[in-house]
């Protein structure tokens, strides 16, 4: 795909399934820089740096995989209340690269912090020495290949020189493009809300687009806010929201070694500090963070490899939330359901199969299955008004909603996914995509 | 595909990945009959009856799905020590068809037993009245569609008339073709062994070929033997063997409502009856049943929808068998691993990803990953002799072996699967395939 910024307004960046992305703008305390250090054969930005000039409080959630990449190991060790930046590279996951891969990050963090400290001096910032352990790393790309340490080291100076203290929508698009791998669309989302009397911004970008399941996508998701909020509170807010957003999407049931979703708060909005998650002044903020995270998560699912349709799977009225989640994901991960949807076939029998194999408690004579607004299976029987022609027509939509009503409890879950197309195979059978 | 028997010797029925099937022959006490009752638009055999003229002891294992088809409900209720036949239809799964679907089986069993009893009289068999509850049903096809009761009822007389007391390889092929849905190849296997001084035969046929996971494929698998063995012993033998055969294959991680594997023993080999599973005289027989079941299971995986390659996944030296199984299936079910293999890309990073996401205990610095005979990742490091060119060459084989050595315990598991090709999507996105 063409990564040049000239395509910014191109309709191919729009995603009609989840709406065109909003324009992101300046966010105080954040700087963005992107460069190409030649990780791809064809030149494109592959290194993106988000810099917090005066630091930011922060929180992250990481992949649940038992094999994690070296940068996730690095990030997990960070105990600093304030961090100064996150460096993202594509093409190489720095996973299964062992101590060598870890040491590369060490070297890069030392060099980058030095360059940043020199820049602070030349910019006449108030002295605020940055330690290597105050920088995070996000890596995405092929697992098991040697980490391109020197290519990155060689481009750090250029990267720091290009830091822009003011963002506009173009630099955000560049950043969102710069973190992409097999994604076809940049993923951006924003919201504004109040904490007390202060208006705060919440900006987010993300990437997908394979290995998106179950505990967060291979998603890299970064949320930035100018709100003044402590790291422990950010952590609570992230944990509250992750379950129904990034942990509710699946592409192929595969989970990456590199998943992470982080939130950074620069504090520049200068709202009065909030002490407790229960403070009602936080309510709007929590909702807005959820909105941004859900919007990004949907964009990741909608742009899953080879996707032609965006699928929402609701499971209602189950005995436990675990059962509702298992059923939703059993449907959302079923290759047979997903390829039937690609073929626009209302093959509800495969939905029933996926319900059955989930292992969740279900009573056949209470079970109902809907596709879109149409009830097909109604409490254990084919609905007498079911008209396959109507549902076939509905299947031509870009957005498909499947709803399963178990009618045996009160718990619900919603999962998001895409269909399984021939293009998925094309993308993933391509030698080392 | 062409279901005509003329294609019997056609090379397309051969499966070079698992070897051409053996010729099955006469098995005393078994009769086979096949007819077309017009369930498909294009005429083909769609109803196959295996008849035990003097009854057979029997045992079955069924799908673990929480939503099971009406014929599985029927079979689960059978308490008779001797059964007289199993009727298999394709095209319709009789699942989620409710009491109406169940009552269809009742009617069919009543009519079929009557016809068989009349045949016994006209054949001057010793009087042995067959009850409806001594007939089993296997159904495979679309879930949720009305069961074609009358089409089947109308063809029972024809089916009974066509019963042949002598089998040859042609009738076996006809039977194996008659139970197929999207399979491309009939699946047959055989073995002979001794129980005491008597030679006994073990013949098996099976079908796949989507929804093959995890507790047995959507496989219908039927094993027939002329051994004289009681139903309780058959049940123990089936349970011993199922774990490493039909429960070790996966096609797409989907599980059917209709899975069943049954074993029937006509007793005609007249071996002295065995009382205990521990009797050493049974050892050969247990091994031979395993051989037939494994051969059939491999054929099912090898002919999984759209398969171009047969994949064996070994997980060695894990702490528990559960972990070994989870890792093997996590790899065998990963769309990313399977599409890389389709693309002949030795993308071992995706194997690592699948190991990590399995949730099984793994130590990175003890982990080794092999593709074929080549070690790639050697106890936490890329092996120093790893040559990607060699492994790329190996990937062109039809048979691909992946081996994961955890080196932290002594438990092993082997799973079998196929690659994920564009044809899988083609088959499964076809309207109501």
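Any read-out appearing in this document is the output of simple, stated calculations on the displayed coordinates, not a laboratory observation. From a predicted model like this one, the values you see are computed outputs, not experimental measurements. Quick reminder, even Gly has a Cβ in these numbers, built from the backbone with ideal geometry, and neighbours come from all protein chains shown.
Miscellaneous remarks
- Two-site label geometry, residue A:26 and residue B:397: point separation in nm, points 7 Å out along Cα→Cβ: 6.3
- Degrees between helix A:348-357 axis and first principal axis of chain A (Cα, 0 to 90, nearest 10): 70
- In the range A:310-429, the DSSP beta bridges split such that about 70 percent are antiparallel, to the nearest 5.
- Calculated label separations, residue A:320, copies of the chain, 7 Å along the beta-carbon direction, nm: 1.6
- Under a Gaussian network description of chain B, with springs only between Cα atoms under 10 Å, the residue in B:148, B:346, B:127 that fluctuates furthest is B:127.
- Theoretical FRET efficiency, 1/(1+(r/R0)^6), r = Cβ-Cβ of residue A:100 and residue B:317, R0 30 Å, to 0.05: 0.75
- Translational D in µm²/s for the protein assembly as shown (Stokes-Einstein at 20 °C, 1.002 mPa s, Kirkwood Rh from C-alpha pairs): 74
- Inter-site label distance for residue A:278 and residue B:198 at 7 Å from Cα along Cβ, in nm: 7.6
- Solvent-free Debye scattering, log10 I(q)/I(0), computed from the Cα coordinates of the range A:240-331 at q = 0.11, 0.12 Å⁻¹: -0.45, -0.53
- Each of A:259, A:323, A:28 was scored by other Cβ atoms within 10 Å of its Cβ. Arranged with the fewest first, they read A:28, A:323, A:259.
- Cα pair distances in chain A, grouped into 20 Å bins until the bin that holds the longest one, percent each: 26, 54, 18, 1
- Sorted by Cβ density within 10 Å, fewest first, the residues B:26, B:58: B:26, B:58
- Of all chain A residues, the one whose C-beta is nearest the axis that brings A onto B, in angstrom: A:422, 2
- Considering only Cα atoms, the convex hull volume of the range A:320-421 works out to 86 Å³ per residue.
- With Cα atoms, 0 to 90° folded angle of helix A:231-242 axis to chain A main axis: 20
- Pseudo-label separations to other copies for residue A:270 - Cα-to-Cβ vector, 7 Å, nm: 10.4
- Sorted shortest first, the separations between the residue A:133 label point and its copies elsewhere in the assembly read 7.4 nm; each point sits 7 Å from Cα along the Cα-to-Cβ line.
- Counting Cβ atoms of other protein chains within 10 Å of each Cβ in A:95-106 and taking the mean gives 3.
- Averaged over A:330-336, number of beta-carbon atoms from partner chains that fall within 10 Å: 6
- Short-range pairs are left out: with C-alpha atoms under 8 Å and at least six residues apart, the relative contact order of chain A is 17 percent.
- For the range A:70-152, the fraction of C-alpha pairs farther apart than 16 angstrom is 51 percent.
- Sorted fewest first by neighbouring Cβ atoms within 10 angstrom, A:32, B:351, B:425 come out as A:32, B:425, B:351.
- Between the helical axis of A:98-122 and the longest alpha-carbon principal axis of chain A there is an angle of about 50 degrees.
- Spin-label model distance (nm) - residue A:363 vs residue B:117, 7 Å beyond Cα toward Cβ: 3.8
- Just checking the listed ones, A:97, A:257, A:225: in the Gaussian network model of chain A with Cα springs under 10 Å, the one fluctuating most is A:97.
- Computed over chain B with a Gaussian network model linking Cα atoms closer than 10 Å, the most mobile of B:41, B:423, B:70 is B:41.
- Look at the stretch B:281-293: the mean tally of other chain Cβ atoms within 10 Å of its residues' Cβ atoms is 0.
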